[in-house]
1. Rolling a 1.4 angstrom probe over the protein chains, ignoring ligands and nucleic acids, what is the accessible area of Glu95 in square angstrom, nearest 10?
2. Can you tell me the alpha carbon radius of gyration of the stretch 1-136 divided by the globular rule-of-thumb value 2.2 N^0.38 Å?
3. So what is the accessible area of the stretch 1-155 per residue, in Å², with the probe set to 1.4 Å?
4. To the nearest Å, what is the center-to-center distance of the stretch 88-152 and the stretch 11-29, using C-alpha atoms only?
5. Mind grabbing the accessible area of Arg152 for me, 1.4 Å probe, Å², rounded to tens?
Amino acid sequence: MILADFSHLVYFDPDYIEEHISHWGYDIFRWIEDDPTDTQVLVAGKDDHLIITFRGTSNGRDAMVDLNFFKTDAPGGNGRVHRGFQRSLDGVWDELLEAINELGAGKKLFVTGHSLGGALAQLAAFGFALKEFPVAGVYVFGSPRVGNQAFRTAYNALLEGVTFLHINNEDIVPQIPPQVFGFHDLGTAPRKFDRSYTISGAEIILEDDGNEMDFDNLDDRIMGEVQQTLASVQTAMNATTRFLNPSMQQFNDTVNTSGFESGSVDDHCMDQYLFKFGCAILDYEWQRLEQKSRESTSPP
């Protein structure tokens, strides 16, 4: 829940973020931004850990990065990864390493992000692991896929047990890039919220990586399906972007209700992930208290 909070908070103004997290006891703060790639990352820390949070899609430039399916060699020559994501990470990488070494050498790292930020978080976590930094957890929300099967194998050899992808109900963004292009989920089976807030493990289906295809080589049926998925993804990301820059007219009952119940569009918003986590935690605590009450009133 803490990492989900950070993945939501990173969309706000840096001054507001710094003031906000100070109330949570975080006395380490560094905001890193690369204008050419429009990439932002927050480094926050206290006690024995740092939280590295990548901001997700918030404008059209980011969306173009999301929908570019070309690959490039992964760090260390371990398979191939999404070229746009890797370029975005490269834009902040040196400054990010400098900040970690300066602010939190030896501290545990928790890496997180939503949407595009989730993809960058996974790439960064792999880079940290290659440098033998102590990565304690990688928690991502509504993240697109990052790399091919060879990269997945290399990544999971280092980080499978601490990587968790969360998918909210019908959120369509985690379905891209499509597996037909050789992209696969990382870590363990994704944690998927149903329409309410129950979490279950989603099945991982791996296709033969030797059959990675280029967009131009797809038959008409598959190309049509991919284009339809991309259109839905773009709609979802546009809706998320509009939410980040709302007008007062958006907050009337009619618009708010239709947006809240609009399926895959609304399911991608980080607000919905926070809402689902909050419900799940409250339900868990309620059940725990009920069980404790039953145990205290049961006969010896």
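1. Counting only protein heavy atoms, Glu95 exposes about 90 Å² to solvent.
2. On the way: Rg = 14.2 Å, N = 136, 2.2 N^0.38 = 14.2 Å.
Relative to the 2.2 N^0.38 Å estimate, the stretch 1-136 comes out at 1.00.
3. Details: 5850 Å² over 155 residues.
For the stretch 1-155, the solvent-accessible area averages 38 Å² per residue.
4. The distance from the Cα centre of the stretch 88-152 to that of the stretch 11-29 comes to 20 Å.
5. Solvent-accessible area, nearest 10 Å²: 30 Å².
The values are calculated or read from the model by the stated rules, or taken from the named source; none is laboratory data. What you are looking at is a predicted structure, and each value in this text was computed from that prediction instead of being measured. When the accessible area is computed, the model is the full protein with side chains, heavy atoms only, and any ligands, DNA or RNA have been set aside. Shrake-Rupley method; radii C 1.70, N 1.55, O 1.52, S 1.80 Å.
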